[in-house]
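A quick write-up on the structure given underneath.
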Amino acid sequence: MPQWNLAPGRTSRQEVLPFPASNLVVQPGAVSLTGPSTRASFRDLTGTGWAVGALLRPAGVVQLNLEPDRLRDTEAPFVAPDLLASVEAAMAHDDGATARGEAASAFARWAEDRMVPPDAAGRLANAMEELIATDRSIVRVEQVAGRLGVSVRGVQRLARSHVGVTPLAIIRRYRQQEAAVRLREEPAVTIADIAAELGYADHAHLSRDFRTVLGRTPRTYRGGQ
């Protein structure tokens, strides 16, 4: 839930790292859906504003009747006037902590009213995402298939229908997100150590993936923080 209040004429550029998931975002006057991203992007913030975003799990994407592969690297309007009204009312509260809490509750109520427990495919897609997100040893699609008890082709179909990118892309995006956090927050840890802990064969493999997605090396990214 970012909030900002910038002086007139000032712009704050925020880097957005690629992430293999869809986000439902409420901002003053509009609701939008951002699909899974495959490249870094930027948002320029000016004036005063706020946003309340909800990261959708794979089963949640299909419940909103979305085709995630068509949303890849795009942002589109999403019609949800009741969600917009309830979140705007919450964010109008004078106390910031209260506003954020009420906005989160409004989002949760909206989801509970419209979503049912996921079906078998949705549960499997959620399990796939959780496995990749939490187990750093997962670096190959074959590992995901083996742990879930399905074929590699089955994992590929699940990723395409519920996330919108390939399972290998999901794995790499999560590892790159972790690498970015470590690079920012742990300056004493070497890039080689980060690469090893995230399952990369060596420093060069991490640097290649990082440069492909972010356009710069881990060393350059760390130096720019």
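The values are calculated or read from the model by the stated rules, or taken from the named source; none is laboratory data. This is a predicted model, so every value here is computed, not measured. A quick note on method: Cβ atoms are made from the backbone with ideal geometry, for glycine too, and the neighbour counts reach across all protein chains shown. What goes into the accessible areas is simple: the full protein's heavy atoms, side chains included, and nothing from ligands, DNA or RNA. Shrake-Rupley method; radii C 1.70, N 1.55, O 1.52, S 1.80 Å.
Closer than 30 Å to Asp119 by Cα, open to solvent by less than 50 Å² (accessible area, probe 1.4 Å) and touching a strand residue (DSSP E or B) at 6+ places or on another chain (Cβ under 6 Å): does that describe Leu66? Before the answer, list the steps.
Working: closer than 30 Å to Asp119 by Cα: yes; open to solvent by less than 50 Å² (accessible area, probe 1.4 Å): yes; touching a strand residue (DSSP E or B) at 6+ places or on another chain (Cβ under 6 Å): no.
For Leu66, the condition - closer than 30 Å to Asp119 by Cα, open to solvent by less than 50 Å² (accessible area, probe 1.4 Å) and touching a strand residue (DSSP E or B) at 6+ places or on another chain (Cβ under 6 Å) - is not met.
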**OP:** Filter the stretch 119-154 for residues that are among the hydrophobic types (A, V, I, L, M, F, W, C) and touching a residue at least 24 places away in the same chain (Cβ under 8 Å) and give the result.
**Re:** Ala121, Leu124, Ala125, Met128, Ile132, Ala133, Ile138, Val139, Val141, Val144, Leu148, Val150
Original post:
Residues of the stretch 92-124 being hydrophobic (A, V, I, L, M, F, W, C) and closer than 21 Å to Leu56 by Cα, which ones?
Top reply: Ala103, Ala104, Ala106, Phe107, Ala108, Trp110, Ala111, Met115, Val116, Ala120, Ala121, Leu124
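I need a count of the residues in the stretch 169-209 that are open to solvent by 60 Å² or more (accessible area, probe 1.4 Å) and either under 30 Å from Ala125 (Cβ atoms) or in a helix (DSSP H, G or I) (or both).
Step one: filter the stretch 169-209 for residues open to solvent by 60 Å² or more (accessible area, probe 1.4 Å), giving 172, 184-188, 190, 193, 196-197, 201-205, 208.
Checking the rest, the ones that are also either under 30 Å from Ala125 (Cβ atoms) or in a helix (DSSP H, G or I) (or both) come to 172, 184-185, 193, 196-197, 201, 203-205, 208.
The total comes to 11.
Looking at the stretch 98-118 only, could you name the residues that are part of a loop (DSSP other than H, G, I, E, B) and either without any contact (Cβ under 8 Å) to a residue 40 or more places away in the chain or under 30 Å from His205 (Cα atoms) (or both)?
Initially, the stretch 98-118 is screened for residues part of a loop (DSSP other than H, G, I, E, B), giving 115-118.
Within the stretch 98-118, Pro117 is the sole residue that qualifies.
Here are some residues: Ser161, Ser137. Which one is open to solvent by 20 Å² or more (accessible area, probe 1.4 Å), under 30 Å from Asp82 (Cα atoms), under 21 Å from the mean Cα position of the chain (by Cα) and of a type in the set (Ser, Thr, Tyr)?
Details: Ser137 fails: under 30 Å from Asp82 (Cα atoms).
Checking each option against the conditions leaves just Ser161.
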Subject >> Residue selected from the stretch 106-121 under the condition surrounded by 13 or more Cβ atoms within 10 Å (Cβ to Cβ) and not hydrophobic (A, V, I, L, M, F, W, C), by the criterion modelled with the highest pLDDT >> reply: Arg109
Original post:
If you check Asn126 against the conditions, is it within 19 Å of Asn23 (Cα to Cα), open to solvent by 20 Å² or more (accessible area, probe 1.4 Å) and not in a helix (DSSP H, G or I)?
Top reply: no
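So, in the stretch 132-159, how many residues would count as being within 29 Å of Arg216 (Cβ to Cβ) and part of a helix (DSSP H, G or I)?
7
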**OP:** Could you please tell me which pairs satisfy a Cβ distance under 6 Å, a separation of 6+ or placement on different chains, a first residue in the stretch 57-72 that is more than 16 Å from Ser32 (Cβ to Cβ), and a second residue that is open to solvent by 50 Å² or more (accessible area, probe 1.4 Å) and at pLDDT 85 or above?
**Re:** Gln63/Met115; Asp69/Arg160
Original post:
So how many residues does the stretch 72-97 have that are surrounded by 12 or more Cβ atoms within 10 Å (Cβ to Cβ) and either basic (Lys, Arg) or in a helix (DSSP H, G or I) (or both)?
Top reply: 12
Original post:
Within the stretch 210-225, can you find the residues that are open to solvent by less than 70 Å² (accessible area, probe 1.4 Å) and within 17 Å of Thr38 (Cα to Cα)?
Top reply: Phe210, Val213, Leu214, Gly215, Arg216, Thr217
Original post:
Going through the stretch 29-50 one residue at a time, which ones are surrounded by fewer than 19 Cβ atoms within 10 Å (Cβ to Cβ) and either under 22 Å from Arg114 (Cα atoms) or without any contact (Cβ under 8 Å) to a residue 24 or more places away in the chain (or both)?
Top reply: Gly29, Ala30, Val31, Ser32
